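Okay, so here's the structure we're looking at.
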Amino acid sequence: MTKAKASVLLIYTGGTIGMKEDPSDGTLKPFDFGSLMQEVPELRKFALKIDAYTFDPLIDSSDIEPGMWKKLAELIRKNYDDYDGFVVLHGTDTMAYSAAALSFMLDNLGKPVIFTGSQLPIGQPRTDGKENLISSVEIAGSREPDGSPTVPEVCIFFNDLLLRGNRSTKVDASGFEAFRSPNFPPLAEAGIDIRFNRDLIRRPSGEAFSVSTEMDTAVSILKVHPGITERVVEDILLGRRTRAVIIETFGCGNAPSRDWFLDIVREASSRGKILLNVTQCLRGSVNMDLYATGRALKDAGVLSGGDITTESALGKLFFLMGKSDDNEYVKAHLEQDLRGEISI
Ligand code: ASP
């Protein structure tokens with residue numbers, strides 16, 4: 001039976017949305033959540049039960065660590081049965097990383113987890129924080145006529161767009177249109193109404209919701225560029241403590257074809273390292289069969305990230321490597337679509 005009033009837990013982690021100017025030095029510093037509710041009295045007008053949880057300490061999202069994701073995932077697990085949806089207020093700088101990571105950690109998610117934040121603090125006159133917060137709360141509390149949540153996914157809501165979390169990337173350091181999901185259409189758009197693209201929204205498989213908090217962070221990112229040196233490639237690909245390397249390549253998955261480069265890739269591969277090809281382009285996909293330079297990477301044992309974002313690739317690797325010490329297990333799952341993060 002549908003409960004009369006949907007309930008939403010607002011989790012405030014920090015970030016610009018809840019910051020205030022410190023008169024002593026003019027910098028932005030987090031202020032307490034009680035003040036945030038005062039700034040948005042509109043929230044009280046929803047036919048929703050809204051509770052709040054504030055992280056202590058509040059942090060600028062540049063300081064986000066997997067330990068925080070674990071805390072967040074555990075908080076959601078603990079409150080899962082008591083709320084219809086969750087809104088996570090988070091700094092924009094690493095929001096795409098956190099949303100992607102959480103999408104892997106929360107398996108068979110049956111409720112909305114909506115990340116949002118703002119470019120201007122909520123206390124400022126032209127803030128985008130109010131709109132983002134109010135719409136996120138509405139989406140988190142939205143239910144279908146049968147009582148099921150409308151969007152049981154980890155998402156980012158920003159500037160009228162609801163995006164799949166593990167497809168999102170921050171594209172603007174200062175504009176209000178800060179996020180895009182270049183390889184996947186928005187799950188909803190907010191205008192006079194919130195229009196959901198229901199055909200695109202993932203539904204849980206029917207298995208029980210579960211949370212994985214083990215993560216292995218032994219991942220490096222190698223961004224190839226003209227002029228990259230043998231030394232740098234060697235240091236990153238053959239680093240002793242690195243289990244996996246995301247190779248950010250040109251175009252549809254191409255990298256320098258010089259012998260020394262491919263020799264190092266082959267050496268890393270023969271040492272059992274997990275090598276994942278992710279394109280530097282915002283839109284489109286890795287296809288290592290198109291050019292000889294891409295094919296050489298594939299032949300050297302590099303796996304295709306398809307159209308995955310770097311943020312999502314990182315979260316997926318942390319998650320899969322946390323699940324098993326066996327690199328072959330990780331490789332076997334890496335090219336599979338686990339949470340709607342890649343188009344197969
Ligand atoms: N530095 C801030 C953060 O990511 C920026 C923001 O919130 O937009 O926490």
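Numbers at a glance
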quantity: Percent of alpha-carbon pairs separated by more than 35 Å within the chain; calculated: 26 percent
quantity: Cα extents of the stretch 173-245 along the three principal axes, largest first (Å); calculated: 55, 38, 21
quantity: Residue pairs, from the table Lys45/Lys130; Lys49/Lys130; Lys5/Lys316; Lys130/Lys316, whose Cα atoms sit over 24 Å apart; calculated: Lys5/Lys316; Lys130/Lys316
quantity: FRET efficiency, Asp199 to Glu177 (Cβ-Cβ, R0 25 Å, nearest 0.05); calculated: 0.55
quantity: Whole-Å semi-axes of the stretch 152-211's equivalent ellipsoid (Cα gyration tensor); calculated: 23, 15, 9
quantity: The stretch 34-124: Rg to Rh, with Rh as the Kirkwood radius over Cα pairs; calculated: 0.95
quantity: Trypsin sites (Lys or Arg not before Pro) restricted to the stretch 200-271 and DSSP loop, no more than 16 other C-beta within 10 Å; calculated: Arg202, Arg240, Arg241, Arg258, Arg271
quantity: Radius ratio Rg over Rh of the stretch 272-331, counting only Cα atoms, Kirkwood formula for Rh; calculated: 0.99
quantity: All aspartates and glutamates inside 12 Å of Lys298 as judged from Cα atoms, apart from same-chain residues fewer than 8 positions distant; calculated: Asp289
quantity: Rg/Rg_globular for the stretch 48-204, with Rg_globular taken as 2.2 N^0.38 Å and Rg from C-alpha atoms; calculated: 0.96
quantity: Cross-link partners of Lys323 among lysines (Cα-Cα below 18 Å; sequence separation of 8 or more within a chain); calculated: Lys70, Lys71, Lys273, Lys331
quantity: Degrees, to the nearest 10: 259-270 long Cα axis against longest axis of the chain; calculated: 70 degrees
quantity: 0 to 90° range, to nearest 10: angle between helix 129-140 axis and the chain longest Cα axis; calculated: 90 degrees
quantity: Convex hull projection area averaged over all views, the stretch 86-130, Cα basis, nm²; calculated: 3.3 nm²
quantity: 222 nm mean residue ellipticity, helices alone, for the chain (DSSP H n ≥ 4; -39,500 (n - 2.57); rounded to 500); calculated: -8000 deg cm²/dmol
quantity: Cα coordinate range in the stretch 127-250, projected on the principal axes (Å, largest first); calculated: 59, 39, 25
quantity: Cα→Cβ-extended label distance, 7 Å offset, between Lys223 and Asn327, nm; calculated: 2.5 nm
quantity: Ordering of 104-110, 170-176 by packing [mean C-beta count within 10 Å, highest first]; calculated: 104-110, 170-176
quantity: The stretch 73-216, relative contact order [Cα under 8 Å, separation at least 6], %; calculated: 26 percent
quantity: All-pairs alpha carbon distance profile, the stretch 182-296, 5 Å steps from 0, percent; calculated: 2, 10, 15, 16, 13, 12, 10, 9, 7, 4, 1, 0
quantity: Angle in degrees between helix 310-323 and the longest Cα principal axis of the chain, rounded to the nearest 10; calculated: 80 degrees
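No value in this document is a laboratory result; all are computed from the given coordinates. Given the structure is predicted, the values throughout are model-derived calculations rather than measurements. When we count neighbours, we look across all protein chains shown, and the Cβ atoms used for this are built from the backbone with ideal geometry, even at glycine.
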